[in-house]
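The values are calculated or read from the model by the stated rules, or taken from the named source; none is laboratory data. Treat the numbers as computed from the prediction; the structure is a model and nothing was measured. Here the Cβ positions follow ideal geometry from the backbone for every residue, glycine too, while neighbour counts run over all protein chains shown.
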Amino acid sequence: MSFVADLRVVLKGRDFRRLFATRLVSQFSDGVFQFAVVGFAFFSPETQTTALQVAAGLAVLLLPYSILGPFVGVFIDRWSRRQILVVAPLVRGALLVVAAALVAADVPDTVFYAAALGVLAANRFFLAALGASLPHVVPADRLMAANAVTPTSGTVFTFLGAGVGFLLRELFGSGDFGVALLLAVSGVVAGLSALIARTMERSLLGPSFDPGRPQAREAVRNVLVGLADGAKHLVGHRTAAATMGAMATHRFMYGMATALGIILYRYYFSGGDSEVALRGLSLVVATSGVGFFLAVIVTPWATARFTIERWVPIALVVAGVLTAVLVVPFQPWSLPIAGFVLGIAGQSVKICADVTVQRDVEDAYLGRAFSIYDMLFNGMYVLAAALSAAILPANGKSYAAVVIVTAGYLAGALIYRMIIPTPRAAASR
C-alpha cells in the first residue's frame, strides 16, 4: 500500500508529472523494442537459434549500459538535461526507423545489431538524465517517495510495452515485415516522449553552472581512476559491498536461467515451432514482471521483520532451491512459476542493494559506487549468457546448468553470511 501512497504524494507536482510521463512513455517504447529484438534474434521462423546467438543478442541489449555507464555522467552534468530528454528520444526514434528499414530490406543480422546498439546507446543517456533530473522536480522531503515509485513504474511500463509488442506481432506476423513494423511503432512512441519532455522549461532540470567543474575531456580521463577509488571505498563498507555482490550473484544466475529458458522454449518444449516457443516465453516474462512488482511490497515488510542482513541470504536460498525444484522436471508449466520466484527474489535483493549503497556509502563516492553497480548489474548477465553458450546443448535441456544456477545462489548466500555477521536486532522488531 505504501507504493500507492507514495505515488499519490509525488503526482501532486506538475513538473514531476511531466518528467514521470516522459519516463513511462519512453519505457513503454523500450518494451516494444526489446520484444522486437528478442523475436527477431531468437524466435524468427527462418533462424535456427543457438545458445551463442542468445549470448550475442543479450550482449547487444546490455553492453551499452555496461560500457557507457561510467562515462555518461560526465556529459549529463554538463549538457542541458531537458535537451537530452528531447534530443535522445528523437535520435532513438530515427535509429529505430532506420532499423525497421534494414529489417524490411533483409540486410545481414550484424547490420541490424549495429543499429540496435545505437538505439540503446542513446537510451543510456536518456535514462541517466532522467535519474539526475528527479531532484529538480520534487521537494527534498518527497525525494525518497519519488525514488520508490519511478523505477518500479518504469519497469511495469516496460513489461506492458513487451505485452503490446506480443499482441502486435500476433497481428503483423512474425516475418521481417512484422518485426519492422514493431520497430517503427517503438520509434514513434519514443518520439512522443520527446514531445512530453519539450513541455518542460529548458533550464528546469539543470545542471547548474559550476566554473570550477573540470572540462569534459579531463573528466573522462578521470573516470577510471574514480572507479578504482570507488571500489576501494566500497571494500571498506562490508554490508554495501556484500549486498552488491549478492545482487551480482543473482544477475549471473538469472542470466543463465534466461538463456536456458529461451533455448528450452525454442526447441525442447515447442519442437522447433517458433510461435509456440515465443508464447511460452512471453508467459515467463509476464510472471517475472508480477514478481518484480510484488517485490516492492514484500521487501519493506521482510527487511523490517528480518533485517536486510538476514533477508538477502534468505532470498538467495529460496531462489536457488525453488529453481532446482521447478526447473529439473523440464516441463513448460514450471518455468513461469520459476520466473515468478526469480522475479520476486531477485528484485528483492536488488532493492536491498540499492538501499545499502545509498545508506552506507558516503555521498562523495555515491556516483562512482552506482557506476560500479550498473557495470556489475549488466555485465554479470552478459557473462552468464556467454557461459550458457559454452555448456547448453542444442535443445537446452541441461541438468548441469540447473546445478550451476542452484549452487551459485546457495554459495552466494553462504558467502554473504560469512562476510556479514548476524545482526543483533531483536527478532521481535
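So that you can scan it fast, the table gives a plain yes or no per residue for (1) under 23 Å from PHE252 (Cα atoms); (2) within 16 Å of the chain's Cα centre (by Cα); (3) at pLDDT below 70:
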position: ARG8; (1), (2), (3): no, no, no
position: ASP15; (1), (2), (3): no, no, no
position: ASP30; (1), (2), (3): yes, yes, no
position: ALA41; (1), (2), (3): yes, no, no
position: PRO64; (1), (2), (3): yes, yes, yes
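Tally up the residues in region 410-429 that are modelled with pLDDT under 85 and among the hydroxyl-bearing types (Ser, Thr, Tyr), please.
Residues that pass the stated criteria total 2.
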- Single condition VAL72 does not satisfy, out of (1) at pLDDT 75 or above; (2) among the β-branched types (Val, Ile, Thr); (3) not in a loop (DSSP other than H, G, I, E, B): (1)
- Among the residues of region 256-278, how many are in a helix (DSSP H, G or I) and either without any contact (Cβ under 8 Å) to a residue 12 or more places away in the chain or under 21 Å from LEU410 (Cβ atoms) (or both)? 7
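Here is a yes/no grid of residues against (1) within 23 Å of the chain's Cα centre (by Cα); (2) at negative phi; (3) surrounded by fewer than 17 Cβ atoms within 10 Å (Cβ to Cβ):
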{"site": "GLU309", "(1), (2), (3)": "no, yes, no"}
{"site": "VAL325", "(1), (2), (3)": "no, yes, yes"}
{"site": "TRP333", "(1), (2), (3)": "no, yes, yes"}
{"site": "LEU342", "(1), (2), (3)": "yes, yes, no"}
{"site": "SER348", "(1), (2), (3)": "yes, yes, no"}
{"site": "ILE351", "(1), (2), (3)": "yes, yes, no"}
{"site": "THR356", "(1), (2), (3)": "yes, yes, no"}
- Looking at MET380, MET375, which is the one that is assigned by TED's automatic domain parsing to the domain that holds GLY291 and at pLDDT 85 or above? MET380
- Task: Please state which of the following conditions LEU281 fails to meet, knowing it meets all the rest: (1) surrounded by fewer than 24 Cβ atoms within 10 Å (Cβ to Cβ); (2) hydrophobic (A, V, I, L, M, F, W, C); (3) in a helix (DSSP H, G or I).
- Result: (1)
- In this structure, does ALA184 turn out to be surrounded by 21 or more Cβ atoms within 10 Å (Cβ to Cβ), of a type outside the set (D, E, K, R) and assigned by TED's automatic domain parsing to the domain that holds PHE20? no
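This table checks each residue for (1) hydrophobic (A, V, I, L, M, F, W, C); (2) closer than 20 Å to LEU316 by Cβ.
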{"position": "ILE262", "(1), (2)": "yes, no"}
{"position": "TYR268", "(1), (2)": "no, no"}
{"position": "GLY272", "(1), (2)": "no, no"}
{"position": "GLU275", "(1), (2)": "no, no"}
{"position": "ARG279", "(1), (2)": "no, no"}
{"position": "LEU283", "(1), (2)": "yes, no"}
{"position": "ALA286", "(1), (2)": "yes, no"}
{"position": "VAL296", "(1), (2)": "yes, yes"}
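Yes/no matrix, rows are residues, columns are (1) within 20 Å of VAL405 (Cβ to Cβ); (2) at pLDDT below 90; (3) not charged (D, E, K, R):
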site: SER208; (1), (2), (3): no, yes, yes
site: PRO211; (1), (2), (3): no, yes, yes
site: ALA216; (1), (2), (3): no, yes, yes
site: VAL225; (1), (2), (3): no, yes, yes
site: LEU234; (1), (2), (3): no, yes, yes
site: ALA246; (1), (2), (3): yes, no, yes
site: LEU260; (1), (2), (3): yes, no, yes
site: ASP273; (1), (2), (3): no, yes, no
